[in-house]
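Trainee: Structure incoming, see below.
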Amino acid sequence: MTEPLRLGIAGLGTVGAGVVKIIRQKAALLEARGGRPITISAVCARNRVKDRGVPLDSYDWEDDPVTLAQREDVDVFVELVGGSDGPAKAATEAALRAGKDVVTANKALLAHHGQDLAEAAEKTGAVLRFEAAVAGGIPVVKTLTEGLAGNDITRVMGVMNGTCNYILTRMESGGLTYDAAFAEADALGYLEADPELDVGGIDAGHKLSLLASIAFGTQVDFDAVELEGIGRVSIEDIRQAADMGYKVKLLGVCQMTGRGLEQRMSPCLVPATSPLGQLDGGTNMVVIEGDQVGQIVMRGAGAGEGPTASAVLGDVLDIARGTRISTFGRPSGTLTRSKAAKTATPAPYYLRLMLLDKPGALAKVAAVLGEAGVSINRMRQRSHDQNTAPVLIVTHKTTRAALDNALAAMVGTGVVEGEPVALRIEHV
């Protein structure tokens, strides 16, 4: 009889409980697809008595995830604790040192320590898989490492934080301010304990750095991701974008350029008729462009019990079948240190600035943009509100460096109040 694949699951939150439920409810299906039974030897969580909606009394309990990771009756350590350091890192390292395979949903851990962990896995012949760490139930890691292995990837982009997409969607559909949509998302339980992980783009930036490593054969470099959250996007920006045929999305983009690897996570305008523009609510979408396959669009639930647990079990079944793949799709020693390139690919930009009611103010703004080499495509000045008036500008294609120079110079003109908002208009 084929020996079972024995799991040790650390972390019994939403995802961990979901994994246990699938294993209990679909044992026969998992065995048929994996070629061997999938069983749970032991579990670990901070609270033993909490009701998680699934029986746990048939499994051994460990209070320390490191101890769980080292148990003789654990073949695969499933890390669902979370956090870039602490118990999650210590337990994962312990499992890899012991030659045990690891499946994790921990994007922060891999974004900060991915290269070291990949090297540790290879030293003992272990496998480290993380499909559940990126875009929930969307099998984007498997697609990049396996399905598109014959392609040179030219660009990866996507909406990879459902909370931000929900907030921006509600601002548009309900005519809500950012603060009102944020409060609604919070009341629904969509936000992380630290909301800045969501609305600041950090969570999605972690995911983007992992996809960039796989796509371009580079060492994970989260510190090189240009991060900008959605906190400064106003209902006015949402309405103006719609008027021009665009939607505002927190968009992650990575691509290799002549200057190096661009990785950016920022609010952008995308065509309303594009797949990304039509993405509403908490759904995720990843778009991959390869030299042989063209453009692939993958859409699905980016979080939640079922989708994320499904991704965890996908990795577990690959291990059960004997599939052994390097962590980032190729041996860790071949991953290069990429040169980080600040966004250099030219694109048009949408600008919103508050112009003081002074003679020649608009001319000064236009002159500053012209001196920086930024050409204006169209401009609109809204009605006055006391001493200021919003001015909306769409530029022709320009580099972010030229635009930043222009925005910095505007401070010295004495006609602009506050910091202008600049949103890239992305071709998709």
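The values are calculated or read from the model by the stated rules, or taken from the named source; none is laboratory data. Just so it is clear, the model here is predicted, and its values are computed rather than measured. Note that each Cβ is placed from the backbone with ideal geometry, even for glycine, and that neighbours are counted across all protein chains shown. Ligands, DNA and RNA are stripped out before the accessible areas are found, and what is left, the full protein with its side chains, is counted by its heavy atoms. Shrake-Rupley method; radii C 1.70, N 1.55, O 1.52, S 1.80 Å.
Trainee: Quote the charge dipole size of segment 332-428 about the Cα centre in Debye, to the nearest 20; the model charges only the Cβ of Lys and Arg (+1) and of Asp and Glu (-1).
Mentor: The calculated dipole for segment 332-428 is roughly 380 debye.
Trainee: Mean 1/r over all different Cα pairs, inverted: what Kirkwood radius does segment 330-428 give, in Å?
Mentor: 14.8 Å
Trainee: Show me the ranking of peptides 304-314, 228-238 by mean Cβ neighbours inside 10 Å, starting with the highest.
Mentor: For the peptides 304-314, 228-238, the packing ranking is 304-314, 228-238.
Trainee: To the nearest Å, what is the center-to-center distance of segment 364-382 and segment 135-214, using C-alpha atoms only?
Mentor: So the separation of the two Cα centres works out to 32 Å.
Trainee: Which angle between 0 and 90 degrees, to the nearest 10, do you get for helix 305-321 versus the longest principal axis of the chain when only C-alpha atoms count?
Mentor: The two axes meet at around 50 degrees.
Trainee: What angle do you read, to the nearest 10 degrees and between 0 and 90, between the alpha-carbon axis of helix 107-124 and the longest principal axis of the chain?
Mentor: Helix 107-124 and the main axis of the chain meet at about 40 degrees.
Trainee: Something else about it: Using a 1.4 angstrom probe on heavy atoms only, work out the carbon and sulfur share of the accessible area of segment 281-428 in %.
Mentor: That fraction is 49 percent.
Trainee: What are the extents of the Cα atoms of the chain along their three principal axes, in Å, largest first?
Mentor: That gives 85, 44, 35 Å along the principal axes, largest extent first.
Trainee: Of all accessible surface on segment 1-72 at a 1.4 Å probe, what whole percent is carbon and sulfur?
Mentor: The computed percentage sits at 46.
Trainee: Which net charge results when you count Lys and Arg as +1 and Asp and Glu as -1 among the other residues whose beta-carbon is under 11 Å from that of Pro348?
Mentor: Overall, the nearby charge balance is +2.
Trainee: Under 16 Å Cα to Cα from Lys358, which aspartates and glutamates show up? Leave out anything in the same chain fewer than 8 places away.
Mentor: Asp385, Glu417
Trainee: List the lysines whose alpha-carbon lies under 16 Å from that of Lys89, not counting same-chain residues fewer than 8 positions away?
Mentor: Lys100, Lys107
Trainee: For the pairs Lys342/Lys397; Lys249/Lys397; Lys123/Lys339; Lys249/Lys342, note any where the Cα-Cα span goes beyond 25 Å.
Mentor: Lys123/Lys339
Trainee: Let me ask something else about it. Take each of the peptides 336-346, 15-25, 285-295, average the number of other beta-carbon atoms within 10 Å over its residues, and list them starting from the highest.
Mentor: With the highest mean Cβ count within 10 Å placed first, the list reads 15-25, 285-295, 336-346.
Trainee: What order, most packed first, do the peptides 145-157, 352-364 have when packing is the mean number of other Cβ atoms within 10 Å of each residue?
Mentor: The peptides rank, most packed first, as 145-157, 352-364.
Trainee: What number comes out for accessible area per residue over the chain if the probe is 1.4 Å? Units Å², please.
Mentor: Per residue, the chain has an accessible area of 41 Å².
Trainee: Let me ask another. Using the alpha-carbon atoms, what tilt in degrees (0 to 90, nearest 10) does helix 162-174 show relative to the longest principal axis of the chain?
Mentor: 40 degrees
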